[in-house]
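Working notes for the structure below.
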Amino acid sequence: MSDASTKPGAGPKSAYFLSHSDESVERRTLAVLVDNEPGVLARVVGLFSGRGYNIDSLTVAEVDASQHRSRITIVTQGTPHILEQIEAQLLRIVPVAEVIDITNSKSGIERELALVKVAGTGEKRVEALRIAEIFRARVIDTTNESFIFEATGASEKLTQFIDLMRPLGLVEVSRTGVLSIQRGKEKG
Amino acid sequence: MNTRTKAKPAASEDAAPRTMSGAQIVVEALREQGVSVMFGYPGGAVLPIYDALYGQDTIRHILVRHEQGAGHAAEGYARSTGQCGVALVTSGPGATNMVTPITDALMDSIPMVVITGQVPTHLIGTDAFQECDTTGITRSCAKHNYLVTDVNQLARIMHEAFYVATAGRPGPVVIDIPKDIQFATGQYIGKAGITKPTYVPQRTPKAEAIKAAADLMTRASRPIFYTGGGVINSGPRAAEKLRELQALTGFPVTSTLMGLGAFPASHPDWLGMLGMHGSFEANNAMHDCDLMICVGARFDDRVTGRIDAFSPDSKKIHIDIDASSINKIVRVDVPVVADCAEALDALITEIKALKRQLPDLTAWHSQIDGWRARRCFSYKNSSDVIKPQYAVERLYALTKDRKTYITTEVGQHQMWAAQFYHFEEPNRWMTSGGLGTMGYGLPAAVGVQAAHPDALVIDIAGEASIQMMMQELSTAVQHKLPVKVFILNNEWMGMVRQWQELLHGERYSHSYSESLPDFVMLAKALGGHGIRCDKPDELDARIQEMIDHPGPVLFDCRVERAENCLPMIPSGSAHNQMILGEITGNEIGEAGRRLV
Ligand SMILES: Cc1ncc(C[n+]2csc(CCOP(=O)(O)OP(=O)(O)O)c2C)c(N)n1
Ligand SMILES: [Mg+2]
C-alpha cells in the first residue's frame, strides 16, 4: 500500500464505502518472513482465525538459521479490501519482518509437492504410469499393485494430476501446501 | 509495491555486563527504564521478584486487592502520564485476572508492561499447581508477549518489552517468567540500543501524502477535524500541533471519547464529542462535511453509526501510525501513515508554504451554529431530585479550576461525564472506550493518583460498575491515595435499562439491583469517608465536603432513576438521525436490533 496516492476515480461524491458484497473474492499467496521465535506461527495463524480470514494452505520452515528467519507461505482468499487488511494486520505482528505478495509480484514463483498413492493392476496401472510421465512425477515406491508418485509443480497442475489418477485407483494424497520464492538474483 | 519491508535493524551496543539473579535483573531493568511506581499482587511464582523489591525504595509498589485492579491502575498511570504502566502478578489465577486489563489496554492503545510469574521451566506443560498457558491466553489480547526460558535473555526481553509497548501504536506487553529463571544467575545488559528490528513503526509522513492532504485542506469549504485517542497517545506535542493547525485553518473540531482534552472544550470551534452519545452539532457536521481530517481515530462503530450512510459527501484524510487502521472500516482518499505530531507539524509547514487563500468558511460556521442552537444536551432540571446531568455539571463547576483528573466506569454516567465534564488539556480523562470495562474507573483513579499525588482525582461511577472493583478503595486507603468516587446512583444498570426501553419493549430483565450496599457504611468499613446526597440544593455543599476531605471518599449521589442518556444515534442509524428528546421505543429497525 502506498500511503501517498489519492485514490483515482473519485467522483464528486467520493466516499468509498467498504461494501463487501460487490467486491469479488480473489486468491492470494503471501510470503511472510518472520523472526523464528516461540509462538510466531501461532500469532500468524491466530490472526487469521481471530479476524475470520481464510487459510487455504500454509507452509513454514526456518530458512536462515543465523538470522533466525522463518518463511511462512500462506494461500488465502478474500476481497481486495480484506486482502489489504490481511497484509496490514500481518505487519502489525511484532516478529513479522516482511510480507510479500507473491501473486501480484511479476517475479513470484509458487510450487507445491504432492505424494500420490495409486493402487491398481493391468490397463489402469499402465495408464497411471503414462500420465505420471506426462506430469514428470517420479515413482518413489512400487509394489505389484501400487505406486507412490512424487509430483511437484503449480498447485493447479497437481490438482489436475490427482484428478486424473482418481479413476485409476487413487488411494490417498499428501500435499505440502504452496512454497514461494521470487525470480532473479535479488533476495525477497 | 509488492514487498512491504519494515525498517532495518539498529545496532545494539551493550553496556558492560553485570551478573545477578533473574529477579534482580527484573528490578534493575525496571529501574533503568525509569519506572517509579508499579502495581501488583504477590504469589508463589513471583516471590523471588517480590524479594528483590523488598527494602529498595526507587520503585514504589502499590499493593492492590485484585490483579485486575493492578492492570487498570497501570493503565490509569500510563494514560495520565504518557509513560508505560507496569503491573506484576503471579502465575495461574494472577495471570488470568489480568486478561481484562490487558485486553482493555490493547483496545485503547495504552502502553503497559505486565510481568507474570510462571511455574518452573521443568514443570511447564504438566498442569502444575497454578500453571496456565499465559502466553497462549494473552497472545491475542496483548500487543506482544514473551515466555522467558533463558536468564541471559531476560534483561534484553525486559528492555525490548518497554520498546514494543511504547513504540508506534502503544499497547500491552506480557513477560511470563518461570520461577527458576527468577532464581537463576545471569547477565544484566542495559537498555541502550535495544529495539526490535522487525518492529520499527513509520513515524514521519511521506511528503506526497502531506501535499495531497494540504491541497484538500486549502480547498475545502465544509471541513472538520475528527480527532481521537491517537492525539493523546502521541504526546503533548500532538495536542499543541492540533491547536496550532486549527488556529491556522479555523476548522471546527470534534473528537472521540478517547480523544477528549486534546483540543480545549472552551474553544469556540469545539463541537463536542461525536458518535452515539455525541453532540448534535458534531454528528451533523460529520455527516455534511466536504472534508474530514481524521487524526488518530479509527472509525469505531460507536462513532460512525450506520456505515453506508457515514459522511456521504466528504473526502477523507486519515492520519494514523497504525497502517492497518487505514481503510479498515471506511475508505479514505488520503492515507497518512505517521505519528500524529509529525503529520500535524508537516501539514502546518505545508499549508503555510502554499500561501493559498483559504475558502470562506462563514456559511459552514453558521450552519454549525444552527445545529448548536438545538442545545442537544439540555435536560429538564428538577428541584426535588438530582438529575445526573446536573450532578456532573456541578461537579465540573466546583472542580474545574483545580488540577483535576477524571476517570469513569462504564454506562450512562460515563456518557454524562463525557458530555458535561469539559477538558482543556490532554491526559486528564481516563475511560475504558474500546472494551467498555465496568470496574475500570476506581483502580484507574488509584493509578492516576499514584502518579499525581497532589491532584484531585475523581472516578465518576455508576452504582453497578463500582461494585466490580469496589475493593480497590482499600488499596487507596493503604497507600494514602485520596481518590474520590462520585457514584451517580440510579439503582439501575442505567445503560442496560435504556437499551431495554429502546429495544425490548420496556421488559427490564435483570437490570435492577434489588439490593445495593449502603455506600456510606461501606466507605467506612473500607477505611474511607462516605457521603450521601439526594437533594439538589445540598449537592454543592456535599461536593465541597468531598473535595475538602483529605482521604478517599465514596460519594453516594442519589439521582433520578429513569433518566435516559440523550442525544443518541440508535444503532443502525446515520449521524443525521439522532434522537434528541424522548425515546418512543420505535427508533431502531430490525437490522439495528441485531447490532450492539
Ligand atoms: C464488565 C462488564 N460487564 C457488563 C457490561 C455491560 N454493561 C454496560 S453498561 C452496564 C450497566 C452499568 O450500570 P451502572 O454502573 O450503574 O451505570 P449507569 O448506566 O447506571 O450509569 C452494563 C451491565 C460491561 N460494560 N462491562
Ligand atoms: Mg446505575
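The values are calculated or read from the model by the stated rules, or taken from the named source; none is laboratory data. Small disclaimer: the values here were computed from a predicted structure and weren't measured. Note: ideal-geometry Cβ built from the backbone for every residue, glycine included; neighbour counts use all protein chains shown. The accessibility values were calculated without ligands, DNA or RNA, using every heavy atom of the protein model including side chains. Shrake-Rupley method; radii C 1.70, N 1.55, O 1.52, S 1.80 Å.
Some observations on this one:
- Selection from region B:137-163 of residues that are facing chain A (nearest Cβ under 9 Å) and among the polar types (S, T, N, Q): B:Ser140, B:Asn145, B:Thr149
- For region A:47-69, the tally of residues that are among the basic types (Lys, Arg) and surrounded by fewer than 17 Cβ atoms within 10 Å (Cβ to Cβ) stands at 1.
- Against the list (1) more than 16 Å from ligand 2 (Cβ to nearest atom); (2) in contact (Cβ under 8 Å) with a residue 60 or more places away in the chain; (3) of a type outside the set (A, V, I, L, M), the condition B:Trp416 fails is (1).
- Only listed residue being assigned to a strand (DSSP E or B) and either modelled with pLDDT under 95 or more than 31 Å from the chain's Cα centre (by Cα) (or both), chosen from B:Gln187, B:Gln182: B:Gln187
- Test: residue in region B:303-326 that is polar (S, T, N, Q), within 21 Å of A:Gln89 (Cβ to Cβ), at pLDDT 95 or above and within 23 Å of the chain's Cα centre (by Cα): yes
- Filter pass, B:Asp150 being closer than 24 Å to B:Leu47 by Cα, open to solvent by 10 Å² or more (accessible area, probe 1.4 Å) and acidic (Asp, Glu): yes
Residue by residue, here is whether (1) open to solvent by less than 10 Å² (accessible area, probe 1.4 Å); (2) over 20 Å from B:Pro236 (Cα atoms); (3) at the interface with another protein chain (Cβ under 10 Å from one of its Cβ atoms); (4) touching a Pro at 6+ places or on another chain (Cβ under 7 Å) holds:
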| residue | (1), (2), (3), (4) |
| --- | --- |
| B:Leu291 | yes, yes, no, yes |
| B:Ser314 | yes, yes, yes, no |
| B:Ala346 | no, no, no, yes |
| B:Ala353 | no, yes, no, no |
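- The residues on offer are A:Ile72, A:Ile102, and the sole one that is touching a helix residue (DSSP H, G or I) at 6+ places or on another chain (Cβ under 9 Å) and either buried (at least 20 other Cβ atoms within 10 Å of the Cβ) or of a type in the set (Val, Ile, Thr) (or both) is A:Ile72.
- Pair list, Cβ < 6 Å and 6+ apart or interchain, from region B:388-412 residues that are assigned to a loop (DSSP other than H, G, I, E, B) to residues that are within 12 Å of ligand 2 (Cβ to nearest atom) and open to solvent by 50 Å² or more (accessible area, probe 1.4 Å): B:Glu409/B:Met438; B:Val410/B:Met438
- Note on region B:451-470: residues that are within 16 Å of ligand 2 (Cβ to nearest atom) and of a type outside the set (A, V, I, L, M) total 5.
- Scope region B:486-510; condition of a type in the set (S, T, N, Q) and out of contact with any strand residue (DSSP E or B) (no Cβ under 6 Å at 6 or more places or on another chain); matching residues: B:Gln498, B:Gln500, B:Ser509
- B:Gly441 being within 16 Å of ligand 2 (Cβ to nearest atom), under 13 Å from the mean Cα position of the chain (by Cα) and open to solvent by 10 Å² or more (accessible area, probe 1.4 Å): no
- From the list A:Thr103, A:Thr79, the lone residue that is in contact with a His (Cβ under 9 Å, 6 or more places away or on another chain) and within 27 Å of B:Pro335 (Cα to Cα) is A:Thr79.
- Residues in region B:473-498 that are assigned to a helix (DSSP H, G or I), within 14 Å of ligand 1 (Cβ to nearest atom) and open to solvent by less than 50 Å² (accessible area, probe 1.4 Å): B:Gly494, B:Met495, B:Arg497, B:Gln498.
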